[in-house]
Each structure stands twice: as C-alpha cells, then as structure tokens.
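Below is one structure; the comments refer to it alone.
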Amino acid sequence: MVVFDRVTKIFGSRVHAVHELNLTVGRNEFLTLLGPSGSGKTTTLMMLAGFDSPSSGRIELDGQPITHLPPNKREMGVVFQNYALFPHMSIAQNLAFPLEARGMGKLAIRDRVQKSIELVRLGDHLEKRPGQLSGGQQQRIALARALIFQPKIVLMDEPLSALDKQLRERMQLEIKALQRQLGITVIFVTHDQSEALVMSDRVAVFDHGRLQQVCDPRSLYDKPANAFIAGFIGESNMLAGTVMSCQGGATNVSTAAGMIAARTGQELSVGGAAVVSVRPEAIRILRDDETAANTVGGTLQELIFLGDHSRILVRVGENTLLSVKLDDKNAAAALSLHAPVRIGWSDADGLAFAANG
Amino acid sequence: MTQAAIIASDMPPASPAADRSGRRKRRNALLLVLPLLIFTLVSFVAPIVIMLARGVSEPEITRLLPLSRGPLATWDGTALPSDDTLAAVIADLAAAQRQRQAATIAKRLAAIRSDLRQPLLAAARAAATPPGLTPEGLLALDTVWRDPASWRALAELAQPFTDRYLLQTLDLTRNASGEIVSVPDNQAIFLAALGRTFGIGLAVTLITLVLGYPLAYFICQQSPGLQRFMLLFVLLPFWTSVLVRTAAWLVVLQTNGLVNDTLMALHVIGEPLKLVYTRSGTILGMVHIQLPFTLLPIYSVMQTISPVYVRAARSLGATPTAAFWRVYVPQTLPGVAAGCLLTFILCLGYYITPAILGGPADQMLSYYVAYYLNNEINWSMAAAVSTVLLVLTILFYIAYSWFTDPTAKATR
Ligand SMILES: Nc1ncnc2c1ncn2[C@@H]1O[C@H](COP(=O)(O)OP(=O)(O)OP(=O)(O)O)[C@@H](O)[C@H]1O
Ligand SMILES: [Mg+2]
C-alpha cells in the first residue's frame, strides 16, 4: 500500500536523517518504526505525511507517486506526540474540523462527530476545550480526530509517550483493537520497544537513519539481524571477542569468558572482531555435576529481586558482567554474594555477529 | 468550570495550622512589597486622586472667598442677597484686591458669565479703596449687581465642588434654571476633539496592526539568530526620544523636505505636497512610534504557538490558507488584542506628535490639557479633560478584559 523507494533525507549538507530507505507497508498492517532517539523515525513519518519532502527517492501510495503531494491531499490521519488538538476550539469543533475542510454538510458532520466520540467513549465531553481534558482523554480525541474522515492510513508519532505507564498500556491495547475493528493501516512511531512488540504486526528498526531490520516481533527477538538489534530489542549479554572458526551455522569466538560456541547470526570472517549475544533467560546456574555447551565460571556480583522473577549479575574475568534471569524465586535464595558460581548455556542460544555491524 | 475551580475543588480542606502559616506567609509577602506599595501610592495613586479632585473643585477661588462662601451657599437665589452677605462679599473682594488676586476671580467669573468681568474688577477696586464700599454702594456701582442672576453666578463660583468643568469637557452646560443642556454649536469643541482622538487612535491602531502582524509572522519564521537581529531593528526606534523622531519626520515631510524635493526632482509632482500639519502627517508619525508596541505582544504570542498545529490542520485536509486563518490566527488573537489595546490607549494620550506634525484641526484631547495648563492657567479645566481621558482609558481596558477573558468566553 505504501512504498518507500530509496528514500533519503539530508538536512543541511551532512545530517543524513534517513538513508536509502526501502520499505513496503501492507494493507491493514500495523507497522511500528522503532529506534533510538535521532534515528530518523519522525523524519520518515513526516515525509510520508507530506510535511517534509525527500532529498531523493520516491514514496508511493496505492501505486500512485505522492512524493510531492501536499499534506492536505494525502488523506492520511496523523496523531502527533502532544496531540495538537486546537486549543481555541471545543472538542466538537476539533472533531468537525477535517469534515468541514472537506465541505461536508452540517447535519452529516454532527452525526459523524457523535459516532466518532462514542467510538472513543468520551460522549459527554463534546463542549469542553482540550485544556479541560486529561492527557489520556486528549489522546483519545486526537485519535478520533485522525480517524473521523476515514483515512486509509493513520500515522502516529509517539502518541503515548506523554502518558503514565498504566494508561499507556491500556491505550496500546485500545489503539490495537480500534485498528482491527476499523481495518485501517497504522504506521506507528515509538522508541519504546515493549510498545512496539505489543502492538505491531511488523516492526521496522532504525538506527542512524538506516533501516536495520523489518519483521514480526517474534522473529525480531529470536532472530535479530545484527548486533545492534540483538542489543536494542530485549535484553542481551554481549560478549566481545575474535572469531576463531566459522563453519556452516556454527561459530567459535574467543572471549574474555573463554571460547564460546554460538550460532552464526551474520556473515563473519575468521580472525575478525565479533560479539556473541546471549539472552539472560537462556543462561542457567549449573550444579557442580552439570555441564553445558558453554560453561563459564565467575563470582556472584549482585542479586536483584524483581517480583515475579530474580536476576543475578555474574562477574566473569576482569570487567564482563553477565545477567542471568532466574524464574525460580527460591533459586536465588540459595546463593550468596561474592561466592563463585558456574553458569552455562547451549550453543544454540548464542548468536555471533560482526562487532561493528 | 474554570481551571482554578477544578484545582480548588481537588484540594483537601486546609487545617487551622496550615491556615495560620499561610497567613503569616501572606503577611511577610505583604511586608516585602510594602516599599513598592508606598511608592505607588505616593507617585501614582495620590496624583491621580488629586487630579480627579481638581476636576470638580477650584480651591484657589474658594480660598479667595472665605467670608462670602457660606452666606452665598445658603442664599435662596431668588431675591437679592441680604446686606450681611453683600458685606461679606465686599470684605472678600477687598482682601483679594490687596493680594492682587481680584483678576483671578474676575477671570473665572467671566467663564461663567462673561459680562461680569469688568463690574467685578471695579467692585474689588472700590472695596479696597478707602473708605470702602457699603452694600448699597455695591448695588449702586453697576446695574448688573441689582440682577439676582449675577449673584447666582458668583454663588456658583464660590461653591466648593462644581460639575461645570466636567460638563464643559462634554460640551454641556447648565442653563439659567440649572438643567444640563448642550452648549451652543459655536462653543462646542470637546466632543469633536474626543471623536478626533478616537478616530486617530483607531486609525493608528489598525495601521500598526496591518503592518505589524505580517512582520511579526515573518520574523517568527526565521532562524533564532536572524530573529534576534530583526527584533533589534524593530526596537531601534526606542533608542531615540519621541520628540527627536517626530522632529525628524518634520524634516522629511516639510514643504522643502526630503520627500517633496525627491518627488519634485523626479518630476513626479509639479509643486510640493502638503505632508506636514495634516492629519496624515500626524498619523504617519504616530504609526512610526507605535509600531513596536503593537508588534511585540503579537510576536511574543506567535513564538509560543507550535508549528505542529498548522501541520495537524494540513494533515486533516485544510489548505494552507484555511490552516492559517482557522488555526493559526485565532491562536494569535490574545497577542493582537494586547498589542492593539496598548497602542490604542497610548494613542489616546498623544500630545507631541499631533502638536508638531498636525494642523490646528488635528489636535487630540491631551492638547487641551496642555492648553488649559499653559495658556489659560486653569488647572481645574485641565484636570477635567484628564479625567475624561482617564475614564475612557479605563472603560476600554474593562471592555478589553471582558473580550479576552477565557472564562467569559467559555460561558458565552
Ligand atoms: N529540521 C531539521 N533540521 C536539521 N536536522 C534535523 C531536522 N529534523 C531532524 N533532524 C535531524 O535528523 C535526525 C533524525 O531526526 P528524527 O526527528 O527523525 O529522529 P527520531 O528518530 O524521530 O528521534 P526521537 O525518538 O528523538 O523523536 C536527527 O539527527 C536530527 O537531529
Ligand atoms: Mg521523533
């Protein structure tokens, strides 16, 4: 439905906000643009909405080039980070605005506004001003306003970042439900990865203006394409070292924690720098008689209680800390600080990537 | 409900202890602003109160009539005053003549009835010359003294408070039977001056708005560095005095000034245009001085408006023009209202610019304040004109606050 074709945006002469972006968004898809601050997410969204034009490349909507179409002709609903509800208009006037801009009749407008406000369950707030609503309510009105003219696509730039955690989690589910119910395409920007994993059909991860990987949340977690994604999505222990051998899917890396066997996550050359990423939940504490494909000895540095699970930090070598997730709360109680501890994980649970990719 | 009410209703009821500490805090805060309060009272409130009082009284006259003031006030005004009253008047006139103040009384009396000036001067002279005057002698001195109307005029002058100056500033007066009526057309000048003051103020306000709004918008669109630079130019006129700037316009606009010479040299015009001592010259000079006052409040409001609103409007389907007029401009209205009010109120009090660049028919109310102070030495009349100016300004301010009060709008 939306196609970015080698889209590049350069601010000034050297800031490559977005670099050679190729991305296709399908109909009724919930796609999230995820990335650290300054990675080019907003710029990508603004080019799609028509507020910025690409320095080079094309953007298509339903096969039509829209690269230089003005924003008011694009029929895309946009929800801004701080809602951008017009402060001098009542909620009803805010909702009617896009319909009036399309020359709709008064009665039809009133009807549509009523339906739309019921959709977000704020029926008795029509005559208030945006300033008189809470953050969550304003958020829902902004959503209703972006949806009221039945756009094919809704773009949202960190719409939930101003809300507190509980409200944010509720709104995530609400937005997701609305998207399914109305059958619309949503392109959603966030730098909160759990938000991305909860809501999205697919996630596009950006870093330094480059698209790193696009896939469904599960693959993103299980099969990160490079070291950046492995570190950015979820939690990972990163062990830096040198590639000793790389054959088929198996790689051996010499690290501060000794020789580590892992799956090959990315093309590697023997003798090159590499990192091995291991999820905390893949590591377990070994009993004295137990062994694993990768066995590492260290001292217990820290015990962290997190309610439903615990976490320990194990110091390995000089300055490597490995985080281990313990599902069994009682397992942690048996451990004592600064005591030696043996941990291990299977060779399938480590992924080896090139160090600077 | 207003924002404040929402907050207030959310707050827990204050405990007595908290109330006490709050009171102490308030008292300390009051002590801190006390110097300012005293300064304001002495330098601002007191002069205004004295000025307002001046507009309805004439202490220098009532002081000159200490003996006759009381009897004249109780006199019924129909028949001639009693001999005792006449004796008191004679004593006052004699004293005034000796203090060389009889002319002052005569002048003010003439403002009420012009034909009484000479008879009063004559009476004062006679009263101060030995052997003095008897009541009969006074009545015999001039026929006017045998007319109760003349005595009514003097009685009015002797009153401690009077509304005649305030009435005069509205082109009103009291007729023989004490009713308020309009003055004859040939004496009516103040309503016209008032209308002129409003007209010029309104014209200057509108012109500064039309010039200032786009300029403020333009400045707001520039990079921060450039914005500071451009604001410097907007503020540049503030560095020279109003008098100097107005005089500069005189040089530029006069018959053989820069504009006329240039246009003549270019053969655009055959003979010099009359640019100074006209209404347009006055307005031009005032617009130049007032432009920053209108522009700056608008600019500061514009700066707080995030560009995201216009973007949102565009994404919702509005054309650039519709987004500007329906979303951007309404949000700048508080700045427009503040800037226009500031300029309009300042315009009401303009004196120098119309005096230098305007013709006789372009003078505004302040001119009359200066005129009565400097030429007529009539402080009460000057105070009355000032009072009218002050009341108008306050009325405008009230209207402004009513229009711009968000709570008033929400309930409308
Ligand atoms: N108008 C602009 N002029 C110059 N540089 C810009 C402009 N807008 C963005 N940039 C730069 O482009 C890069 C990408 O910015 P962008 O706003 O797209 O990041 P983002 O991923 O949305 O970050 P965040 O999560 O902080 O919102 C940044 O380095 C930023 O400094
Ligand atoms: Mg952003």
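The values are calculated or read from the model by the stated rules, or taken from the named source; none is laboratory data. Just so it is clear, the model here is predicted, and its values are computed rather than measured. Methodologically, a virtual Cβ is constructed for each residue, glycine included, from the backbone with ideal geometry; neighbour enumeration extends over all protein chains shown. The area values use the complete protein model at the heavy-atom level, side chains included, leaving out ligands, DNA and RNA. Shrake-Rupley method; radii C 1.70, N 1.55, O 1.52, S 1.80 Å.
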Worksheet item: Taking region B:233-272, which residues are of a type in the set (D, E, K, R) and in a helix (DSSP H, G or I)?
Response: B:Arg245, B:Asp261
Response to the item:
Looking across region A:115-165 at residues that are touching a residue at least 40 places away in the same chain (Cβ under 8 Å) and within 16 Å of ligand 1 (Cβ to nearest atom), the single one that is nearest to the other protein chains (Cβ to nearest Cβ) is A:Leu155
Discussion item. Exactly one of these conditions fails for A:Ser13: (1) modelled with pLDDT of 90 or more; (2) assigned to a loop (DSSP other than H, G, I, E, B). Give me its number.
Written reply: (1)
Item to complete: Might you check whether a residue that is within 12 Å of ligand 1 (Cβ to nearest atom), under 30 Å from B:Pro330 (Cβ atoms), at pLDDT 90 or above and not in a helix (DSSP H, G or I) occurs anywhere in region A:54-71?
Response: no
Fill in: Condition broken by A:Leu21, with the remaining ones in (1) part of a helix (DSSP H, G or I); (2) within 16 Å of ligand 2 (Cβ to nearest atom) satisfied
(1)
Fill in: Of residues in region A:48-107 being charged (D, E, K, R) and at the interface with chain B (Cβ under 8 Å from one of its Cβ atoms), the one most open to solvent (accessible area, probe 1.4 Å)
A:Arg102
Worksheet item: Across region B:292-347, what is the total count of residues that are surrounded by fewer than 23 Cβ atoms within 10 Å (Cβ to Cβ), more than 14 Å from chain A (Cβ to nearest Cβ) and among the hydroxyl-bearing types (Ser, Thr, Tyr)?
Response: 1
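Quick one: which of A:Ile304, A:Ile343, A:Ile283 is β-branched (Val, Ile, Thr) and open to solvent by 20 Å² or more (accessible area, probe 1.4 Å)?
Details: A:Ile343 fails: open to solvent by 20 Å² or more (accessible area, probe 1.4 Å); A:Ile283 fails: open to solvent by 20 Å² or more (accessible area, probe 1.4 Å).
Result: A:Ile304 is the single residue among A:Ile304, A:Ile343, A:Ile283 that is β-branched (Val, Ile, Thr) and open to solvent by 20 Å² or more (accessible area, probe 1.4 Å).
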Worksheet item: Hey, any hits in region A:26-44 for a residue that's away from every other protein chain (no Cβ under 14 Å), more than 13 Å from ligand 1 (Cβ to nearest atom), among the hydrophobic types (A, V, I, L, M, F, W, C) and more than 18 Å from A:Gln150 (Cβ to Cβ)?
Response: yes
Worksheet, complete the sentence: So, first residue over 11 Å from B:Tyr299 (Cα atoms) in region B:217-239, second residue modelled with pLDDT under 90, Cβ within less than 7 Å, six or more apart or across chains; the pairs are B:Pro237/B:Arg245
Item to complete: Return only the number of the condition from (1) β-branched (Val, Ile, Thr); (2) in contact with a Pro (Cβ under 6 Å, 6 or more places away or on another chain); (3) more than 16 Å from ligand 2 (Cβ to nearest atom) that A:Val79 does not satisfy.
Response: (3)
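Going by what's in this entry, would A:Thr8 be described as of a type in the set (Val, Ile, Thr), within 15 Å of ligand 1 (Cβ to nearest atom), in the same structural domain as A:Glu127 (by TED's automatic domain parsing) and not in a strand (DSSP E or B)?
Numbers: of a type in the set (Val, Ile, Thr): yes; within 15 Å of ligand 1 (Cβ to nearest atom): yes; in the same structural domain as A:Glu127 (by TED's automatic domain parsing): yes; not in a strand (DSSP E or B): no.
Here the answer is no, as A:Thr8 does not meet what is asked.
Could you pull out the residue among A:Thr32, A:Thr44 that is touching a Leu at 6+ places or on another chain (Cβ under 8 Å) and either within 16 Å of ligand 2 (Cβ to nearest atom) or open to solvent by less than 10 Å² (accessible area, probe 1.4 Å) (or both)?
After ruling out the rest, the residue left standing is A:Thr44.
Hand me the list of helices (runs of 4 or more DSSP H) wholly inside region B:317-412 holding 2 or more residues that are touching a helix residue (DSSP H, G or I) at 6+ places or on another chain (Cβ under 6 Å). If you could, list the steps in order and put the result at the bottom.
Values: elements: B:320-323, B:329-348, B:352-357, B:365-374, B:379-404, B:406-411.
Where helices (runs of 4 or more DSSP H) fall fully within region B:317-412 and carry at least 2 residues being touching a helix residue (DSSP H, G or I) at 6+ places or on another chain (Cβ under 6 Å), they are B:329-348, B:352-357, B:365-374, B:379-404.
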